[in-house]
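Participant: Got a structure here, written out as structure tokens. Questions coming.
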Amino acid sequence: MSRTVPCVLMRAGTSRGPFFLRHWLPADEVARDEALIGAIGASDLLQLDGVGGGSTLTSKVAIVSRSSEPGCDVDYLFAQVGVGQRSVDTRPNCGNMLAGVGPFAIEQGLVAASEGTTTVRVFNVNTRSRIDVTVQTPARRVRYDGEARIDGVAGTAAPILLNFLDAWGAVTGSLFPTGQRIDTIDGVALTCIDAAMPLMIMRAADLGLSGREPPSVLDGDKPLLARLEALRLQAGARMGLGDVSQSVIPKPVLVSEGDSDDSITSRYFTPRRCHASHAATGAIGVATAFALPGTVASGTARTTSTHTSDGPRHVLVLHPQGRIDVAITVSGQGQEARIERAALVRTARKILQGELHLPDYVFSKPLEGDIPMNKLINPLLAASLAAATAPALAQPAAGSYPTKTITVVVPTAAGGANDAMARTIAQKLGPLLGQTIIIDNRAGANGSIASEFVARAKPDGHTLMLGYIATHSMNPALQKLRYDPVADFTPVGLVGHSPTLMVATAHVPVKDVKDLVAQLKAKPDKYTYASAGNGTAPHFAAELFKLSAGVVMLGVPYKGSAPAVSDTIGGQTQFMFPSLFTALPHVKSGKLRPLAVAGPKRAPELPDVPTLKEAGVDGVDVTQWYAIFAPANTPKPIVDKLNEALNKVLADKDIVKRLEDHGADVESSTPEQLATLVKNELAKWKRVVAAAKLSAD
């Protein structure tokens, strides 16, 4: 089953994505974001099931509507959709997609075309700023063909002028949100600037780079990417943006000397990969930092005279595929200099227009009462949806449950410990319940995406979750989330637990924990550790280790344990604190070297590996647990039936052996016992967060 909505697919600047009128999408924001995830095909890295192109540059969405802002014609909401993860970020703006807003608004009848050119005043909802978009409209029709050429795009097209009127401080409220033009974080001088896009600008030379490296080289430099992300997290906090680990802003930028007094070379990150060319809004920010004195970017100029005069001027932002010419107007001089406006030329092309089919699996609940959406669905499909949401099917009786395929949502990527555990259990649980069980891996946001999905799912027992210590205690203790681990779930039963193991890549020159501590104290940040994401058990264990040992070690968050373990085996990171269940197969194969158990006792599977306390580092006790949850308000008879079947599976000798062979101790429970465990664990980790002063940064 799929749902259809009108859509216009456009290439805008050096980006590409679907354009929607606001009323084409669900009115509810959660359902809207799920529709965008389905449109792009965000669930996998290749985005095979949508119109995305496997890159952040082709995973963008523009949502346009008539504006209620005085003096503005249309509202433009930009959404950055995830690549390989079900996420939607509406905090940043995108100047490239902005180039398509004017043509789209005119062709959809929101703005009347004028003869020759038409200027559309756009109100960017993300940053609450205004931009004049001037479109070529000979004979009062949008013209896409022309002679303008922008680097990074093949061929030529009609020019579209973007004139940013008040983009300075639009997101944070200040052009320099930290209160100064240069900050120093971890020994690196950088400029935090909010000009069309919040940026964190650094001199490439300060990081040992020329600044002219191609994106492929920068993307392959894992220590560099890890360092940029660590700096970005701290810069985001200083800029007042809070925890930016799941946001794409601020964007890191590396700058170096240009080819002339009015040019600057830039490498723009999106934020964890280097842009193939450059974002338009990023070019505004870089040009602003270049034109004003006292920033790390203004220091790249060959002369200082270009930074003292006011009036109009052109700044060339040089990027891997060419340059962007930014026309800016400066008023005042010296520290009093200010940017009045900035403009640049982009192009756009309409690729196709028609109906976009959205897959049903991305929606957590039926779109009941969503009149605009239902009007656009063909009558037969609308009738099917109405039948599917009829009251008669709202709550199946426990005697007839289950009536259809059961989905177990796993909050981590395929291949990790949670995934393996869920699949092992499902093989036996499905036949016991008389239904097929499918595993749905919804990695991202440290388990929040999966947790939110299940929390909003229909409470009929057909959508379950393999939750664990991170989703139901650690991450909620660390930061405010859009789900409540207690109120939004009905506990079904405990599955088991596994101690946390400190491991190292096979060839790292460290003898033991004592040697590691000594090396880190002599040279902080000498090594990096991988985690399954901030707020997960490997993250907590590593941070507690650093705190207890008094050392500094850079963390690299991944979207689940599987990629984190893979990079640790490959040596891109040197240490990790996975569960024994995750690590044991790799320890047995010799790909990972166990250093210590982060728990109260040694693991029977590795009797010669000491605990961290025995190794001289006390206070790191992280035992991971796993359990099955259903959405809140799932009927008790269904929960009891699930619990009975689950406990039968966990009593199966074959299942017990398979889980124990991987380092997990099987432990069953009643729903009530699991509810008590969750409450106690949540309280425990809240105390740890407070005592250790941990943060999501």
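Participant: Using a 1.4 Å probe on the protein heavy atoms, what percent of the accessible area of the chain belongs to carbon and sulfur?
Facilitator: Values: 13630 of 26310 Å².
Carbon and sulfur atoms account for 52 percent of the accessible area of the chain.
Participant: Another question, then. For the stretch 412-461, count the residues as N, evaluate 2.2 N^0.38 Å, and divide the Cα radius of gyration by that value, please. Each step should come with its number before you reach the end.
Facilitator: Values: Rg = 12.0 Å, N = 50, 2.2 N^0.38 = 9.7 Å.
Taking N as the residue count of the stretch 412-461, the ratio is 1.23.
Participant: Okay, moving on. Taking Rh as the Kirkwood radius, which is the inverse of the mean 1/r over Cα pairs, what is the Rg/Rh value for the stretch 132-209? Intermediate values should be presented prior to the final figure.
Facilitator: Numbers: Rg = 18.8 Å, Rh = 15.8 Å.
Answer for the stretch 132-209: 1.19.
Participant: Once both labels are modelled 7 Å past Cα along the beta-carbon direction, what's the Ile439-Lys480 spacing in nm?
Facilitator: 3.6 nm
Participant: Counting only pairs 8 or more residues apart or on different chains, how many lysine pairs in the stretch 493-652 have their Cα atoms under 17 Å apart?
Facilitator: Eligible lysine pairs with Cα atoms under 17 Å apart amount to 14.
Participant: Taking all protein chains together and a probe of 1.4 Å, list Leu642, Leu356 from the most accessible to the least accessible. Let's see the in-between values first.
Facilitator: Numbers: Leu642 5, Leu356 25 Å².
Descending accessible area places them as Leu356, Leu642.
Participant: If you don't mind, there's one more thing I want to ask. Could you order Asp567, Asp654, Asp44 by accessible surface area, starting with the largest, using a probe radius of 1.4 Å? Let's see the in-between values first.
Facilitator: Working: Asp567 30, Asp654 75, Asp44 50 Å².
Accessible-area ranking of Asp567, Asp654, Asp44, largest first: Asp654, Asp44, Asp567.
Participant: Okay, moving on. Let me know the longest stretch in the chain that avoids all GluC sites (Glu not before Pro) found in a DSSP loop with at most 11 other C-beta atoms within 10 Å.
Facilitator: Details: sites that count: Glu115, Glu147, Glu368.
Excluding the exposed sites themselves, the longest stretch runs over 369-697.
Participant: Could you run the Karplus curve 6.51 cos²θ - 1.76 cosθ + 1.60 with θ = phi - 60° over the stretch 226-236 and give me ³J(HN,Hα) per residue in whole Hz, x for Gly and Pro?
Facilitator: For the stretch 226-236, the Karplus-derived couplings read 5, 5, 4, 5, 4, 5, 5, 4, 6, 5, x Hz, x marking Gly and Pro.
Participant: For the stretch 30-92, how big is Rg over Rh, using alpha carbon atoms and the Kirkwood form of Rh? Walk me through the numbers before you get to the answer.
Facilitator: Working: Rg = 12.9 Å, Rh = 12.1 Å.
Here the Rg-to-Rh quotient is 1.07.
Participant: Mind checking the per residue accessible area of the stretch 543-697 for me, 1.4 Å probe, whole number of Å²?
Facilitator: 44 Å²
Participant: Something else about it: State whether the stretch 518-575 is rounded, prolate or oblate according to the following rule on the C-alpha gyration tensor (a ≥ b ≥ c being the square roots of its eigenvalues): a/c under 1.5 gives rounded; otherwise a/b larger than b/c gives prolate, and the remaining case gives oblate. The partial results should precede the final answer.
Facilitator: Working: a/c = 2.86, a/b = 1.42, b/c = 2.02.
Oblate shape, in that a/c is at least 1.5 and b/c is the bigger or equal ratio.
Participant: Turning to a different aspect of this structure: Picking from Ala651, Val666, Thr623, whose Cα lies most toward the positive end of the charge dipole for the stretch 623-693 (charges on Cβ: Lys, Arg +1; Asp, Glu -1)?
Facilitator: Toward the positive end, the furthest listed residue is Thr623.
Participant: Which percent of the Cα-Cα distances in the stretch 542-626 go past 22 Å? Walk me through the numbers before you get to the answer.
Facilitator: Details: 874 of 3570 pairs.
Value for the stretch 542-626 (Cα pairs over 22 Å): 24 percent.
Participant: I would also like to ask the following. Could you compute Rg(Cα) / (2.2 N^0.38 Å) for the stretch 609-677, with N its residue count?
Facilitator: Compared with the compact-globule rule of thumb, the stretch 609-677 sits at 1.48.
Participant: For Asp259 and Val217, FRET efficiency with R0 = 22 Å and r from the beta-carbon atoms, rounded to 0.05?
Facilitator: Values: r = 20 Å, r/R0 = 0.91.
E(calc), rounded to 0.05, equals 0.65.
Participant: Can you list the aspartates and glutamates whose alpha carbon is less than 16 Å from that of Lys350, not counting same-chain residues fewer than 8 positions off?
Facilitator: Candidates past the 8-residue exclusion: Glu107, Asp145.
Participant: Going by alpha carbons, how many degrees (0 to 90, nearest 10) lie between the helix axis of 636-650 and the longest principal axis of the chain?
Facilitator: Once rounded, the angle reads 70 degrees.
Participant: May I pose another question? Computed FRET efficiency, Cβ-Cβ of Asn163 and Glu115, R0 25 Å: what is it to the nearest 0.05? List each step's numbers first, then the result.
Facilitator: Working: r = 20 Å, r/R0 = 0.80.
After rounding to 0.05, the efficiency reads 0.80.
Participant: Under the rule a/c < 1.5 gives rounded, and otherwise a/b versus b/c splits prolate from oblate, where does the stretch 166-231 land using the Cα gyration tensor?
Facilitator: Values: a/c = 2.42, a/b = 1.80, b/c = 1.34.
Prolate shape, in that a/c is at least 1.5 and a/b is the bigger ratio.
Participant: Hey, what's the per residue convex hull volume over the C-alpha atoms of the chain, in cubic angstrom?
Facilitator: 152 Å³
Participant: Here's something else I'd like to know. What residues from the stretch 420-436 fall in the zone where the backbone N is under 20 Å from a label point 7 Å along the Cα-to-C-beta line of Lys648?
Facilitator: Of the residues in the stretch 420-436, 422-436 have backbone N under 20 Å from the label point off Lys648.
Participant: If you don't mind, another one. Does the stretch 583-697 classify as rounded, prolate or oblate by the C-alpha gyration tensor (a ≥ b ≥ c root eigenvalues; a/c under 1.5 gives rounded; else a/b over b/c gives prolate, otherwise oblate)?
Facilitator: On the way: a/c = 2.68, a/b = 1.29, b/c = 2.08.
Because a/c hits 1.5 or more and a/b fails to exceed b/c, the stretch 583-697 counts as oblate.
Participant: Give me the extension gain from Val30 to Ala518: residue separation times 0.36 nm, minus the current Cα-Cα distance, reported in nm with one decimal. Spell out each step's value before the answer.
Facilitator: Values: separation 488, 0.36 × 488 = 175.68 nm, distance 4.89 nm.
Gain on extension, Val30 to Ala518, equals 170.8 nm.
Participant: Counting helices only, and only those DSSP H runs with n ≥ 4, report the 222 nm mean residue ellipticity of the chain as the sum of -39,500 (n - 2.57) divided by its residues, in deg cm²/dmol to the nearest 500. Don't skip to the end; give the middle numbers.
Facilitator: Working: 17 runs with 192 residues, N = 697.
Calculated at 222 nm, the ellipticity per residue is -8500 deg cm²/dmol.
Participant: List the extent of the Cα atoms of the stretch 456-578 along each of their three principal axes, largest first, rounded to whole Å.
Facilitator: 55, 25, 22
Participant: State the Cα centre-to-centre distance between the stretch 46-112 and the stretch 491-540 in whole Å.
Facilitator: Here the two parts' Cα centres lie 40 Å apart.
Participant: Mind giving me the nanometre distance, one decimal, between the label points for Ala139 and Thr4, set 7 Å out from Cα along Cα→Cβ?
Facilitator: 3.1 nm
Participant: Ok, one more. Rounded to whole Å and ordered largest first, report the semi-axes of the equivalent ellipsoid of the stretch 484-527 derived from its Cα gyration tensor (root of 5λ). Write out the running numbers ahead of the final one.
Facilitator: On the way: eigenvalues 300, 43, 14 Å².
Semi-axes (√(5λ), whole Å): 39, 15, 8.
Participant: Once you have the Cα-Cα distance between Ser589 and Leu432, take 0.36 nm times their residue separation minus that, and quote the gain in nm to one decimal.
Facilitator: Going from the current span to full extension adds 53.1 nm.
Participant: Taking 1 over the mean of 1/r across every pair of different Cα atoms in the stretch 1-133, what Kirkwood radius in Å do you get?
Facilitator: Working: mean 1/r = 0.0673 Å⁻¹.
Mean inverse Cα-Cα distance, inverted, gives 14.9 Å.
Participant: How many nm separate the modelled label positions at His23 and Leu547, each set 7 Å beyond the Cα in the direction of the Cβ?
Facilitator: 5.3 nm
Participant: Still on this structure, I have one more. Please turn the phi angles of the stretch 62-71 into ³J(HN,Hα) values with the Karplus equation 6.51 cos²θ - 1.76 cosθ + 1.60 (θ = phi - 60°), one per residue in order, whole Hz, x for glycine and proline.
Facilitator: Once rounded to whole Hz, the list reads 10, 10, 10, 7, 5, 9, 9, 6, x, x.
Participant: Sort out for me the Cα centre separation of the stretch 164-224 from the stretch 564-611, rounded to whole Å.
Facilitator: 36 Å
Participant: Could you pull out the trypsin sites (Lys or Arg not before Pro) across the stretch 594-665 that fall in loop regions by DSSP (anything but H, G, I, E, B) with no more than 14 other Cβ atoms inside 10 Å? Present the calculation step by step, with values, prior to reporting the outcome.
Facilitator: Working: sites: Lys601, Arg602, Lys613, Lys641, Lys648, Lys653, Lys657, Arg658; in loops: Lys601, Arg602, Lys613.
Of the trypsin sites (Lys or Arg not before Pro), the ones in loops of the stretch 594-665 whose Cβ has at most 14 other Cβ atoms within 10 Å are Lys601.
Participant: Order Arg203, Arg341, Arg482, Arg267 by their accessible area, 1.4 angstrom probe, all chains in place, largest first.
Facilitator: Numbers: Arg203 70, Arg341 105, Arg482 180, Arg267 15 Å².
Largest accessible area first, the list is Arg482, Arg341, Arg203, Arg267.
Participant: Then there is this: Quick one: if the Förster radius is 30 Å, what FRET efficiency do Arg423 and Ala690 give, using the C-beta to C-beta distance and rounding to 0.05? Intermediate values should be presented prior to the final figure.
Facilitator: Working: r = 37 Å, r/R0 = 1.23.
Computed FRET efficiency for Arg423 and Ala690 comes out at 0.25.
The values are calculated or read from the model by the stated rules, or taken from the named source; none is laboratory data. Given the structure is predicted, the values throughout are model-derived calculations rather than measurements. Positions of Cβ are generated from backbone atoms using ideal geometry, with glycine treated the same way; all protein chains shown enter the neighbour counts. Remember, those area values only see protein heavy atoms, side chains included, never the ligands or the DNA or RNA. Shrake-Rupley method; radii C 1.70, N 1.55, O 1.52, S 1.80 Å.
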